[in-house]
Amino acid sequence: MQKKSFLNLHYKPNKNDIIATYRIESKLGLEKAAIEIAAESSIGTWTKISTLKQKTFDKLAPQIFFIDKKKKIVKIAYPIELFELGNIPQLLSALAGNIFSMKIIDNLRLEDLSLSTKYINSFEGPYYGINGVRKLLDIQHRPLIGSIIKPKVGLSAKEHAQLAYDIWTNGIDVVKDDENLTSMPFNKFKDRVIKVMRQKKKAEHITGCKKLHVFNITAPMDIMLERAKFVKTHGGKCVMVDLVSVGLDNVQVLRKQKLNLIIHGHRAGHSMFSRNPKHGMSMLVIAKLARLAGIDQLHTGTVVGKMDGSAQEVIEINQAIKEDAGINKVLRENWGKIKPVFPIASGGLYPELTKKLVSILGNDLIINYGGGLHGHPHGSKSGARACYQAMQIVIEKIKNPDKNYFKEYYEALEHWKNKKK
Ligand code: CAP
Ligand code: MG
């Protein structure tokens, strides 16, 4: 097809195109700014160049096919040939690269990416996904109950492992390291793994239930791999990466090792890109890319907790990682071979919020209670029981929970009753 310009509102995207949805603010006006963006993110630059032949233009020029002036939204269809398959950094350098630095742009936000099956299938995606994690823990029909060891950092490996045992044996399924706990002078990674695995075995024996510990391996890549292998050889099943800090390409490398570990994606720092509604990159985009890279379970927000994120946004993200490609689905996305990712709700959660959370986000959820468990007035064991009881009340649809049986739950209600929601 002979292409005249980057702007072609009659263009119908073909099945392999990658479609980027941008929100643009520019003194140039939407059309002109969109043309600059389409050019700079692909084959163009600030001036006409003799080296760009019509043949190349016809083959590779992206097409701006949708403009909503009121919402300042533009959709650009990029030919797949502009992208190296299986290479997230290259995609980001194009679609989330130089264009954010251009003087003509006041604000720019990459709202969504609609990826074609050919591109999607060039990645491995999660090894376990929702079903794999559920199978491993043998929990099918309810959200998983998780907790973060608190304080975030400060406990010794022995204290950490003991606390994990205490809450596993009082109803918690998944216990995790916090995002800034790696290998510290007072709590060395390897020491923690050894001690935690010992307590996990004991907890599984006593409860008769499968338990999971999420070890934070965030570090330079060589150290991450060494730690992941250490977890594996000591019988661990799950590692965590702070995916913004380590980069999605490193997540891919980890996934490619075929260690068959669950990869837990903590998103600390994502708000640097995603929080400003006018500028940056949406969490939806980060979540889709994390799914491609191989994350099995991903922090996606809570709506009701301490972190920013509207119901609409969090629901859309959860849909995008669990089902097909989520909002702005264009044509052919089925995320073919890429498994669904388990969403994690975390941040400022306590027992009372469980009901509302499940009613908004559904059953396929890992719910993490940190302060809302360890802050229970009678300590972490009672906090764990309160969280478990909250889940029982929701799942069994208990109308008037018995005050004696659900004692710790009521204590938690009382404790946080004045907390601003
Ligand atoms: C939760 C948490 C998580 C946040 C991250 C924290 O602890 O461990 O890192 O949930 O946010 O340190 O805040 P609390 P998100 O339960 O004590 O709040 O999940 O939105 O990425
Ligand atoms: Mg944390």
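Taking Glu36 as the residue in question, decide whether it is part of a helix (DSSP H, G or I) and either modelled with pLDDT under 95 or in contact with a helix residue (DSSP H, G or I) (Cβ under 9 Å, 6 or more places away or on another chain) (or both). Before you say what the answer is, go through the steps one by one.
On the way: part of a helix (DSSP H, G or I): yes; either modelled with pLDDT under 95 or in contact with a helix residue (DSSP H, G or I) (Cβ under 9 Å, 6 or more places away or on another chain) (or both): yes.
So Glu36 passes the test.
For Ala325, the test of being buried (at least 20 other Cβ atoms within 10 Å of the Cβ), within 24 Å of Leu110 (Cβ to Cβ), at pLDDT below 90 and touching a Gly at 6+ places or on another chain (Cβ under 6 Å) is failed. In the range 354-383, the residues that are in a helix (DSSP H, G or I) and charged (D, E, K, R) reach residues that are open to solvent by less than 40 Å² (accessible area, probe 1.4 Å) and away from ligand 2 (no atom under 16 Å from the Cβ) with C-beta atoms within less than 6 angstrom, at least six apart or across chains, in these pairs: Lys355/Val394; Lys356/Val304; Lys381/Asp166; Lys381/Asn170.
Of all residues in the range 366-421, which are among the hydroxyl-bearing types (Ser, Thr, Tyr) and either in contact with a Gly (Cβ under 9 Å, 6 or more places away or on another chain) or open to solvent by 100 Å² or more (accessible area, probe 1.4 Å) (or both)? Across the range 366-421, the qualifying residues are Tyr369, Tyr388, Tyr405.
With respect to the stated conditions, Pro126 is over 21 Å from Tyr350 (Cα atoms), open to solvent by less than 30 Å² (accessible area, probe 1.4 Å) and in contact (Cβ under 8 Å) with a residue 40 or more places away in the chain.
With respect to Leu349, determine if the residue is part of a loop (DSSP other than H, G, I, E, B), open to solvent by less than 10 Å² (accessible area, probe 1.4 Å) and either in contact (Cβ under 8 Å) with a residue 24 or more places away in the chain or out of contact with any Lys or Arg (no Cβ under 6 Å at 6 or more places or on another chain) (or both). Talk me through it step by step, then tell me what you get.
Numbers: part of a loop (DSSP other than H, G, I, E, B): yes; open to solvent by less than 10 Å² (accessible area, probe 1.4 Å): yes; either in contact (Cβ under 8 Å) with a residue 24 or more places away in the chain or out of contact with any Lys or Arg (no Cβ under 6 Å at 6 or more places or on another chain) (or both): yes.
The answer is yes for Leu349.
Among residues of the range 255-274 that are assigned by TED's automatic domain parsing to the domain that holds Ile367, those with a beta-carbon under 6 Å from a residue that is surrounded by fewer than 24 Cβ atoms within 10 Å (Cβ to Cβ) and acidic (Asp, Glu) at least six positions away or on a different chain give the pairs Arg255/Glu124; His266/Glu179; His266/Asp242; Ala268/Glu179; Ala268/Asp242.
The values are calculated or read from the model by the stated rules, or taken from the named source; none is laboratory data. Remember, it's a predicted structure, so these values are computed and weren't measured experimentally. Ideal geometry is used to build each Cβ from the backbone, glycine not excepted, and the neighbour counts take in all protein chains shown. Only protein heavy atoms, including side chains, enter the accessible area calculation; ligands, DNA and RNA are left aside. Shrake-Rupley method; radii C 1.70, N 1.55, O 1.52, S 1.80 Å.
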